[in-house]
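Engineer: Dropping a structure here in structure tokens format, bear with me for questions.
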Amino acid sequence: MRVKSDACSVSFESINDGISYAQPEVNPGSTLATMAALFPSSARTYANAVIHEMERCADPCFAGGESDDLGLVLEKIHTLKNSLASTGSTELLRACEQLQLDAFRGCAPSALHRRYKAIANAGAKLVKKFKDSLPNTILDV
């Protein structure tokens, strides 16, 4: 069974739809994880920079509301995707790709804006959680 009300709605299929519903996680081979493994004392600073960038993306002043300018919307999605790249999170990167496709399809700006902010906030939360899992070092004190 497939439910779909417009070009931007989420599709639901009864079985094997190929969509991942897993919680986002930092990929073990990502830049963030590699930094934590090689330079633990610098990993917190790097994570803070990534968090700052994602929070900037979610900020209403940067997000700019519900713009109809496709170029501006795609630029913001691209910036967010670049910020998320350091996590290697398949789930969040796919969400950005889907958001980009929906923008091309003419999805309502209000829907794009809500999803964009949700992805940015999820990314910041993911990196905060990862940073909190890092061991404290002498330099952190």
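The values are calculated or read from the model by the stated rules, or taken from the named source; none is laboratory data. Values in this document were obtained by computation on a predicted structure and should not be read as measured data. Note: ideal-geometry Cβ built from the backbone for every residue, glycine included; neighbour counts use all protein chains shown.
Engineer: Is there a residue being assigned to a helix (DSSP H, G or I) and of a type in the set (D, E, K, R) anywhere in region 108-115?
Structural biologist: Checked region 108-115: at least one residue is assigned to a helix (DSSP H, G or I) and of a type in the set (D, E, K, R).
Engineer: Mind telling me which of the residues N121, N136 ends up being surrounded by 13 or more Cβ atoms within 10 Å (Cβ to Cβ) and either under 20 Å from P40 (Cα atoms) or at pLDDT below 95 (or both)? First the steps, then the outcome.
Structural biologist: On the way: N136 fails: surrounded by 13 or more Cβ atoms within 10 Å (Cβ to Cβ).
The match here is N121.
Engineer: Moving to a separate point now. Would you point out which residue out of L80, L93, L126, L112 is under 14 Å from the mean Cα position of the chain (by Cα) and farther than 20 Å from D59 by Cβ? Step through it out loud before you land on a result.
Structural biologist: Numbers: L80 fails: farther than 20 Å from D59 by Cβ; L126 fails: farther than 20 Å from D59 by Cβ; L112 fails: farther than 20 Å from D59 by Cβ.
Matching residue, one of L80, L93, L126, L112: L93.
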